[in-house]
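Report on the structure given below.
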């Protein structure tokens with residue numbers, strides 16, 4: 001039994017790493033083409049098909065987890081930026097990440113359309129997480145005096161909604177930067 005105990009954590013760590021590799025590969029593949037096959041995603045992740053199916057038995061379960069994974073990365077970024085940057089810079093860095101998220105979601109749009117549309121439980125869950133992260137950034141930036149008080153995170157998200165309208169096949173980074181700089185300028189005290 002003593003020999004089995006050290007092995008179990010390693011297997012769990014391997015499984016967690018495989019899951020992370022699959023999610024990263026799926027995000028990249030589905031962002032490029034919503035028609036990417038599960039076999040191609042497994043190959044891109046460097047895992048066997050059986051490993052992918054053990055973690056994600058259906059295409060829908062994989063797509064939904066990719067979406068959740070992206071939201072988790074976006075939300076965690078708010079606290080990471082607040083820990084390492086001044087509040088105004090943290091807000092700007094997070095909004096840049098939000099723009100990247102918008103482009104990724106654009107690439108996943110066909111695969112996500114029914115599962116994450118307004119009114120679905122997943123939409124509400126992820127929207128609340130994103131607005132909460134933005135709220136923490138706005139609070140910190142308000143306390144620092146960088147932006148005016150009284151801003152509501154859900155209204156700022158609405159102001160940034162144009163990010164989802166940018167064509168990902170264009171020079172989207174320049175367009176996104178211009179858009180969010182315009183919005184951020186309007187938030188200043």
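This table checks each residue for (1) closer than 30 Å to residue 59 by Cα; (2) part of a helix (DSSP H, G or I); (3) assigned by TED's automatic domain parsing to the domain that holds residue 93; (4) within 17 Å of the chain's Cα centre (by Cα).
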{"residue": "122", "(1), (2), (3), (4)": "yes, yes, yes, yes"}
{"residue": "127", "(1), (2), (3), (4)": "yes, yes, yes, yes"}
{"residue": "151", "(1), (2), (3), (4)": "no, no, yes, no"}
{"residue": "155", "(1), (2), (3), (4)": "no, yes, yes, no"}
{"residue": "158", "(1), (2), (3), (4)": "no, yes, yes, no"}
{"residue": "167", "(1), (2), (3), (4)": "yes, no, yes, no"}
{"residue": "175", "(1), (2), (3), (4)": "no, yes, yes, no"}
{"residue": "180", "(1), (2), (3), (4)": "no, yes, yes, no"}
{"residue": "185", "(1), (2), (3), (4)": "no, yes, yes, no"}
From the option list 30, 21, single residue qualifying as assigned to a helix (DSSP H, G or I) and touching a residue at least 60 places away in the same chain (Cβ under 8 Å) is 30
Which ones in the range 118-146 are in contact (Cβ under 8 Å) with a residue 24 or more places away in the chain and either at positive phi or touching a strand residue (DSSP E or B) at 6+ places or on another chain (Cβ under 6 Å) (or both)?
-> 141, 145
In the range 1-34, anything modelled with pLDDT under 75 and either more than 17 Å from residue 50 (Cβ to Cβ) or touching a strand residue (DSSP E or B) at 6+ places or on another chain (Cβ under 8 Å) (or both) is listed as 1, 2, 3, 4, 5, 6, 7, 8, 9, 10, 34
Of all residues in the range 39-88 being on the phi < 0 side of the Ramachandran plot and in a loop (DSSP other than H, G, I, E, B), the one that is modelled with the lowest pLDDT = 58
Just checking, which of 97, 136 is at pLDDT 95 or above and part of a helix (DSSP H, G or I)?
-> 136
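The values are calculated or read from the model by the stated rules, or taken from the named source; none is laboratory data. Predicted model, so just to flag it, every value in this text is computed and none were measured. Here Cβ is always computed from backbone atoms with ideal geometry, including for glycine, and neighbour counts include all displayed protein chains.
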